[in-house]
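J.: Please read through the structure below; I'll follow up with questions.
Computed from the coordinates by the stated procedures, all read-outs in this text should not be read as laboratory data. Since this is a predicted model, take the numbers as computed values, not measurements. Glycine gets a Cβ as well: all are built from the backbone with ideal geometry, and neighbour counts include every protein chain shown.
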Amino acid sequence: MNALDRWTEAIDRLRKQRRAVILAHNYEPPEIQDVADITGDSLELSRRAKETDAEVIVFCGVHFMAETAAILNPEKTVLLPRRDAGCPMADMVTAEDIRSVKQRYPGVPVITYVNSTAEVKAESTICCTSANAVRVVESFREASAVYMAPDRNLARYAARHTSKKVYHWTGYCPFHNRLRAEDVKQRKQEHPEAVFVAHPECRPEVLDLADVVTSTSGMLRFAKESPHSSFIIGTEVGLLHPLRRANPAKAFYPASEKMVCTDMKKISLEDIQRALETLEPRITVPEDVRLRALEAVERMLAAA
Ligand code: 13P
Ligand code: SF4
């Protein structure tokens, strides 16, 4: 038996003992996605975290995702196998920043991307993900303006699909922001037949070149259903694994090899085994913050 099989066997045994479910984001390394019970984008994983009857949720992703699972499941044990797996974009805005925004734009709904801390969610009117941002903006039928945080690129993307005025914070994902229009043009020259699919966290000039703009799971669905056989993928390179696994006869090219989220690569099989053995590191949210953040997350789940 090789090392990979040994880890997998130990994790399977512990997962049953602990009545645990393992969730993994689409950017996690291949071996982590393969050992998971459920993989998906941020919205799907939030939904699954809410529905699960498991006693323990092992969240293989980054801190804000495990925190969202803890917000939705206060009675469950939520584990993030590496506590230091964070999201640089989530750390670009604070609860204090959102309080100042609300003073500056009184009455304007504050739509916060789930890539944010629980404290920031607690100050927000509603949350959104990359899969539902436009729908969430449009759900404020009476409002002529909204404020989006922390991602300026997601906000500018949403602004193109609504008649509302979209004010926004200045955060960004360092890895999606790294992709330049020149990189995409170069790839398109190398693969002129390929369809270019981009994540809304990319720069506006990159999205201008995209045939389709969607979330990570939106890309998985699109690739499966599309009659095309080759695709340039404008998101974090981890998505190439599920794309290739589900579509062995199709070709997938990264828009740029530079799009590697280091935090999404931190969790190892050994970390999952240790987390299941020790029930640590556990992610919890103070109850007063949790209840206010829950309102914003539940409004999103209802609106989307
Ligand atoms: P998705 O919601 O599309 O999975 O994206 C999450 C994320 O962190 C993108 O960088
Ligand atoms: Fe955060 Fe970007 Fe990593 Fe997504 S890819 S978790 S937005 S740093």
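J.: I want the antiparallel fraction of DSSP beta bridges within the chain, as a percent rounded to 5.
T.: 5
J.: Report the FRET efficiency, 1/(1 + (r/R0)^6), for Ala143 and Thr94, where r is their Cβ-Cβ distance and R0 is 25 Å, rounded to 0.05.
T.: Working from the Cβ atoms, E equals 0.55.
J.: With only alpha-carbon atoms counted, please give the Rg and Dmax of the chain, in Å.
T.: Cα radius of gyration and Dmax of the chain are 19.2, 62 Å respectively.
J.: A follow-up question, please. Please state the Cα pair-distance histogram of region 231-304 with 10 angstrom bins from zero: what percent is in each bin?
T.: 15, 23, 29, 29, 4, 0
J.: Also: Working from the pairwise distances between different alpha carbons, so that the mean of 1/r is found and then inverted, what is region 181-260's Kirkwood radius in Å?
T.: It works out to 12.3 Å.
J.: Now, a different point. Estimate the FRET efficiency between Asp211 and Arg292 by the formula 1/(1 + (r/R0)^6), using the beta-carbon distance for r and 45 Å for R0, to the nearest 0.05.
T.: Efficiency at R0 = 45 Å is approximately 0.70.
J.: If you don't mind, another one. Suppose R0 equals 25 Å. What FRET efficiency, 1/(1 + (r/R0)^6) with r the Cβ-Cβ distance, do Arg244 and Arg19 give to the nearest 0.05?
T.: The value I calculate is 0.20.
J.: Within straight cross-link reach of Lys224, meaning Cα distance under 16 Å, which lysines are found once same-chain residues fewer than 8 apart are removed?
T.: Excluding near neighbours in sequence, the set is Lys250.
J.: Further, regarding this structure: Stokes-Einstein diffusion coefficient for region 38-129 at 25 °C in a medium of 0.890 mPa s, Rh from the Kirkwood formula over Cα pairs: what value in µm²/s?
T.: 176
J.: Using helices alone, what [θ] at 222 nm do you get for the chain, with -39,500 (n - 2.57) per DSSP H run of 4 or more residues, divided over all residues and rounded to the nearest 500?
T.: -12000 deg cm²/dmol
J.: Taking a virtual spin label 7 Å from the Cα of Asp37 along the C-beta vector, which residues in region 260-304 bring their backbone nitrogen under 14 Å of it?
T.: Within reach of a label on Asp37, which here means backbone N under 14 Å from a point 7 Å along Cα→Cβ, region 260-304 contributes 276.
J.: Return a whole-number percent for the relative contact order of the chain, with Cα pairs under 8 Å and 6 or more residues apart as the contact set.
T.: 23
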